[in-house]
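Below is one structure, written out as structure tokens; comments come after it.
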Amino acid sequence: MYVISLLGMSKVIQAPMYKIGEWLDSFKGFIPTKIVDQITYFEIEAVEVLAFIKEKIEEEYDLMEIRQLLKNKSFI
């Protein structure tokens, strides 16, 4: 299983680390993570989920709308 750090994820999806942290809080159940030694890492599948969230925020969707879209979308 591959995992990505917060810094790595920030570089991959080109979003600030603090924003990704906010998204993790807001969309916790949708973003696949793994905790190793009390540090949260993102599973590789999280790249697509976070990129989707970033795209919808840039399109000015609100958090509830994004949550609903995530419920209906399959990332696998």
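The values are calculated or read from the model by the stated rules, or taken from the named source; none is laboratory data. Predicted model only: the values in this text are computed from it and were never measured. So basically every Cβ, Gly included, is an ideal-geometry build from the backbone, and we count neighbours across all protein chains shown. Keep in mind that these areas ignore ligands, DNA and RNA; they rest on the heavy atoms of the full protein, side chains included. Shrake-Rupley method; radii C 1.70, N 1.55, O 1.52, S 1.80 Å.
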>> Quick check on my filter: what residues within segment 27-40 are assigned to a helix (DSSP H, G or I), loosely packed, with under 14 Cβ neighbours inside 10 Å and not charged (D, E, K, R)?
In response: G29
>> Could you check segment 55-66 and list, in sequence order, the residues that are out of contact with any Ser or Thr (no Cβ under 8 Å at 6 or more places or on another chain) and either at pLDDT below 95 or open to solvent by 40 Å² or more (accessible area, probe 1.4 Å) (or both)?
In response: E55, I57, E58, E59, E60, Y61, D62, M64, E65
> Within the set of pairs 6 or more residues apart or between chains, which connect a residue that is within 12 Å of M9 (Cβ to Cβ) and aromatic (F, W, Y) inside segment 34-54 to a residue that is open to solvent by 40 Å² or more (accessible area, probe 1.4 Å) and in a strand (DSSP E or B) with Cβ atoms less than 6 Å apart?
Replying inline: Y41/V3; Y41/K34; F42/T33
> (1) farther than 18 Å from S74 by Cα; (2) at pLDDT 95 or above: which one isn't true of L50, the others all being true?
Replying inline: (1)
> Just one of E22, E48 is open to solvent by less than 90 Å² (accessible area, probe 1.4 Å), among the charged types (D, E, K, R) and under 14 Å from the mean Cα position of the chain (by Cα); which is it?
Replying inline: E22
>> Being open to solvent by 30 Å² or more (accessible area, probe 1.4 Å) and part of a helix (DSSP H, G or I) is the filter here; which residues of segment 1-19 pass it?
In response: L6, L7, K11, V12, M17, Y18, K19
